[in-house]
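The values are calculated or read from the model by the stated rules, or taken from the named source; none is laboratory data. No experiment lies behind these values; they were computed from the predicted model shown. Cβ sites come from the backbone with ideal geometry, for glycine too, and all protein chains shown count toward neighbours.
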Amino acid sequence: MYLTSSGGRRATPAHGQRSANIRTTPLGPTNFVNALVAVQGGALYAGGFFTAVSGVAVNYIARWDGSTWSALGPGSSNRVEALTLFDEGLGNGSQLYAGGWFTYSGSTSNVLNRIAKWTGAAWAPLDNGLGGADTTTPYVYALGVYSNGLYAGGDFTSTGALSSVHIARWGCTEFQIPPCTAPTITQQPAAQAVCSGGSVDFSVSAGGSQALIYQWRKAGADRQERSRARFTLPAQASTTPLSTASLSATRAERLRARRCP
């Protein structure tokens with residue numbers, strides 16, 4: 001048997017043994033790997049109980065670009081059990097999510113509580129995370145994407161102020177207990193006519209199990225008023241065409257200011 005080091009030098013075979021080549025690799029992590037997820041045409045991400053790969057400190061999660069390993073910021077405070085990619089539908093595309101035993105990243109001020117999102121520059125919390133447990137230490141053991149939602153499973157019994165036993169769904173701004181109801185507009189904003197120089201108020205009614213995010217539009221362009229169900233247009237000049245819509249994929253209501261006697 002020939003033993004070769006990573007430098008390729010061959011040792012003398014032991015007496016009576018057949019020769020073979022065994023080459024050590026510098027790519028192994030310092031402890032076991034629990035999860036792998038790959039970005040199509042991009043990187044491979046690994047999470048587990050390791051704190052370094054190829055001599056690079058990574059703290060339980062690492063990125064492989066095909067030739068080298070690198071850290072994702074300061075990593076996490078404890079082991080990673082699950083990884084997945086999920087698109088929240090907020091214009092950021094698919095992002096990396098991790099679940100496990102960790103409670104922070106880098107310092108205790110960056111609280112994550114067992115589930116987090118990689119923004120490309122840092123690990124961000126998902127609301128208040130997940131807590132409580134049947135045992136002494138809560139953790140997330142599995143992540144999955146289903147019907148435009150991110151689901152977490154594991155040993156936890158609470159999602160912030162809500163009680164959720166072992167499974168929860170992420171809904172853009174908070175966790176909910178499945179099943180969840182998609183946001184739906186129940187009453188569209190009504191078309192109105194105002195005197196020249198007058199202002200006008202629009203309102204919309206919508207429902208759903210998650211916290212709603214509103215997007216109003218004027219003349220085909222998004223307005224900054226994103227969080228309210230009511231939208232006010234200031235004083236309007238006569239014969240100025242206006243339009244508004246609430247949330248995405250809804251019909252625009254049109255308004256034309258008119259002259260008053």
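Determine, yes or no, whether residue 72 is at pLDDT below 95 and either aliphatic (A, V, I, L, M) or in the same structural domain as residue 167 (by TED's automatic domain parsing) (or both). First the steps, then the outcome.
Values: at pLDDT below 95: no; either aliphatic (A, V, I, L, M) or in the same structural domain as residue 167 (by TED's automatic domain parsing) (or both): yes.
Spelling it out, it is not the case that residue 72 is at pLDDT below 95 and either aliphatic (A, V, I, L, M) or in the same structural domain as residue 167 (by TED's automatic domain parsing) (or both).
Residue under question is residue 99, and the condition is that it be small (Gly, Ala, Ser) and part of a loop (DSSP other than H, G, I, E, B); does it hold?
On the way: small (Gly, Ala, Ser): yes; part of a loop (DSSP other than H, G, I, E, B): no.
For residue 99, the condition - small (Gly, Ala, Ser) and part of a loop (DSSP other than H, G, I, E, B) - is not met.
Check 82, 62 and return the single one that is without any contact (Cβ under 8 Å) to a residue 60 or more places away in the chain, assigned to a strand (DSSP E or B), among the small types (Gly, Ala, Ser) and buried (at least 22 other Cβ atoms within 10 Å of the Cβ). Even if it seems obvious, please write down each step before you answer.
Details: 82 fails: without any contact (Cβ under 8 Å) to a residue 60 or more places away in the chain.
Criteria check complete, one pass: 62.
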inquiry  = Cβ contacts < 7 Å: first residue over 17 Å from residue 65 (Cα atoms), restricted to the stretch 24-45; second residue assigned to a loop (DSSP other than H, G, I, E, B) and modelled with pLDDT under 95, any location; separation 6+ or different chain. Result?
reply    = 24/5; 24/6
ask   = Looking only at the stretch 138-155, which residues are touching an Asp or Glu at 6+ places or on another chain (Cβ under 9 Å) and either outside any strand (DSSP E or B) or buried (at least 20 other Cβ atoms within 10 Å of the Cβ) (or both)?
value = 138, 139, 140, 143, 148, 150, 154
Conditions (1) buried (at least 22 other Cβ atoms within 10 Å of the Cβ); (2) free of Cβ contacts under 8 Å to residues at least 40 places away in the same chain; (3) more than 15 Å from the chain's Cα centre (by Cα): number failed by residue 131 = (1)
request  = Of the conditions (1) part of a loop (DSSP other than H, G, I, E, B); (2) free of Cβ contacts under 8 Å to residues at least 40 places away in the same chain, residue 117 clears all except one; give me its number.
outcome  = (1)
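Scan the stretch 158-190 residue by residue and report those that are part of a loop (DSSP other than H, G, I, E, B), modelled with pLDDT of 75 or more and either touching a Pro at 6+ places or on another chain (Cβ under 7 Å) or surrounded by 14 or more Cβ atoms within 10 Å (Cβ to Cβ) (or both). Outline the logic, then answer.
Pass one, the stretch 158-190, residues part of a loop (DSSP other than H, G, I, E, B): 160-161, 164-166, 171-174, 177-183, 188-190.
With the extra rule that they be modelled with pLDDT of 75 or more, the set shrinks to 165-166, 188-190.
Within the stretch 158-190, 166, 188, 189 meet the criteria.
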query = Identify, please: which residue in the stretch 103-114 is assigned to a loop (DSSP other than H, G, I, E, B) and under 16 Å from the mean Cα position of the chain (by Cα) and is, among those, farthest from residue 167 (Cα to Cα)?
reply = 112
inquiry  = Six or more apart or on different chains, Cβ atoms under 9 Å: show the pairs whose first residue is in the stretch 214-225 and farther than 18 Å from residue 201 by Cβ and whose second is of a type in the set (Gly, Ala, Ser) and modelled with pLDDT of 75 or more.
reply    = none
